[in-house]
1. Identify the residue in region 44-72 that is on the phi < 0 side of the Ramachandran plot and among the small types (G, A, S) and, among all such residues, is surrounded by the fewest Cβ atoms within 10 Å (Cβ to Cβ).
2. List every residue pair whose Cβ atoms lie under 8 Å apart, where the two residues are 6 or more positions apart in sequence or sit on different chains, the first residue falls within region 17-30 and is farther than 17 Å from S56 by Cα, and the second residue, located anywhere, is among the β-branched types (V, I, T) and not in a strand (DSSP E or B).
3. Just to be sure before I move on: is F41 of a type in the set (F, W, Y) and in contact with a Leu (Cβ under 7 Å, 6 or more places away or on another chain) in the structure I sent?
4. Scan region 6-25 for residues that are farther than 15 Å from N66 by Cα and surrounded by fewer than 14 Cβ atoms within 10 Å (Cβ to Cβ) and jot them down.
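Please treat every number below as a calculation from the coordinates, not as lab data. Predicted model only: the values in this text are computed from it and were never measured. For neighbour counting, all protein chains shown are included, and Cβ atoms are generated from backbone atoms with ideal geometry for every residue, glycine included.
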Amino acid sequence: MDPEQLVAIHKNHAGEIISFQTSSGRIISYRKALNEAEAGFITGVNINETEEGPASLVSADGLELNQFPDIY
């Protein structure tokens, strides 16, 4: 499988990103995107691990993920 990139987001009512659309058109949860990024199936993002909370995704090129277009 060729690596994909994240191209769009979907937020919940609180404004938190809960899912992504990939460059191949798949809609995946935040957790699945994190797992696939760790496995190298999704490129263009880095994994931010902190001691205070769970790991999170950050764009590798400095863009805020919140700036991605909305899926819907």
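1. Among those residues, the one meeting the criterion is G53.
2. I27/I71
3. In short, no.
4. S24, G25
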